[in-house]
Structure formats: structure tokens, C-alpha cells
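One structure is given here, and the rest of the page talks about it.
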Amino acid sequence: MISNLIIPFIVLFIIIHGFVKGVNIYDEFLVGVKEGLDITLKLFPTIFAMLLAIDVLIKSNVINDFIVLIKPFLNFIKFPSELFMLGFMRPISGSSSMVLLNDILTSSGPDSYIGRIASVIQGSTDTTIYIIGLYFSSIGVKKIKYSLIVGLMADIMAIILSVVVINILFY
């Protein structure tokens, strides 16, 4: 019940505070909408390009062919090949990786070895490429090389450590 009342309470508080301070709330709201629309139009090409690239990558089955190619190596390092796609997609797209996590949990179960590792990967990594592409382009940052390298290294370490931590805690 409280969670249903929080947002209306915040909106009401902002309106009352604006009246008390003598701010023309409607005009300020319109200025905010205009700024939001400008930002949306500025970011649209970046978002569209990312979605298109992800769709082409998934539909081409290049990743599945690559997984078949490196499966012996993944077996050697004891990394479940079912999780490679999740580890690959997580830095690119949060919603795509959530769909993959749902598929993994549906097929393997949330308390399975693979399900536990997948959950830790989902919780400990970030959408690095998405964040850099969206936020850096919104403020005009062009030199992203080191941010991208550090972000992807952190994601790789989180994926490796998720396997290690699950093995230590549960097996």
C-alpha cells in the first residue's frame, strides 16, 4: 500500500513546493518536456544503431557458431557453454540478457549450478557498451577507449568470479 502512494505523494509535494516558492509549475513542466524531447531526438540514432547491430548479430547465428568452436576450451576451463551467450550479451543489452537469463532459469532451474552462476553474472555485471554508447554520446564524449576497456575487463572479471564464488559457496 505504501509503495502505491509514494509516487503520487512525491508529485503532490513537488506541486505544493512549487506553489509555495511562486514557480509557474506548468511552464517549467513544458520546459522539462522540451528538454527531454531534445535529448531523446539526440540519442535516437545511437539507440537505433545499437538495436540494429544486436538484432543482426543474433539473427546471423555467428555467436552460436563461435560457441561450438570454443566449446572444448570452455569445457577445459570448466565454464558452462550455456552461459557464454549471457556473458556476451550482458555488456551489450540488459533486456536481451534478461531474456537469456529467463531461458536459462526456465530450462535449468534457479537452484541449479548453471542457474546460480547465471544469476550472479546478471547481478554482478553491467550493460557497459550500452551505458558508454548512450551516456557518453548524450554529453558529447568521443574518447571512450579506456572507459570501454576498463568496463569490459570488470565484466569479464565478474563473470570469472561468479563461477569461482558459486563453486566455493555451493559445491
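For a bin width of 5 Å, list the pair-distance distribution of the chain built from all Cα-Cα distances, rounded to whole %.
Taking every Cα pair in the chain, the percentages come to 1, 7, 12, 14, 14, 12, 11, 10, 8, 5, 4, 2, 1, 0.
Where in the chain are the helices, taken as whole DSSP H runs, whose Cα atoms extend 30 angstrom or more along the long axis and whose Kyte-Doolittle mean reaches at least 0.5?
25-59, 145-170
Roughly speaking, what is the stretch gain from residue 149 to residue 171, that is 0.36 nm per residue apart minus the C-alpha to C-alpha distance, in nm to one decimal?
4.7 nm
For segment 1-92, what Kirkwood radius comes out of the mean inverse Cα-Cα distance, in Å?
18.3
Which net charge results when you count Lys and Arg as +1 and Asp and Glu as -1 among the other residues whose beta-carbon is under 14 Å from that of residue 97?
Residues near residue 97 contribute -3 overall.
Leaving ligands, DNA and RNA out of it, work out the accessible area of residue 126 with a 1.4 Å probe and give it in Å² to the nearest 10.
80
What is the distance in Å between the Cα centroid of segment 84-142 and that of segment 152-169?
Measuring centre to centre over Cα atoms gives 13 Å.
If the chain between residue 38 and residue 7 were fully stretched, how many nm would it gain, using 0.36 nm times the residue separation less the Cα-Cα distance?
8.6 nm
For residue 142, go through the lysines and keep the ones whose alpha-carbon is under 21 Å away, minus same-chain ones fewer than eight residues off.
The qualifying lysines are 42.
Counting only helical runs of four or more DSSP H residues, what would the 222 nm mean residue ellipticity of the chain come to if each run contributes -39,500 (n - 2.57) and the total is spread over all its residues?
Mean residue ellipticity, 222 nm, calculated: -26000 deg cm²/dmol.
Counting only other residues whose beta carbon sits under 10 Å from that of residue 126, what net charge do I get with K and R as +1, D and E as -1?
Residues near residue 126 contribute 0 overall.
The values are calculated or read from the model by the stated rules, or taken from the named source; none is laboratory data. Keep in mind it's a predicted model, so treat the numbers as computed, not measured. Glycine also receives a Cβ, built like all others from the backbone with ideal geometry; neighbour counts cover every protein chain displayed. Just so you know, the surface numbers come from the protein's heavy atoms only, side chains and all, with ligands and any DNA or RNA stripped out. Shrake-Rupley method; radii C 1.70, N 1.55, O 1.52, S 1.80 Å.
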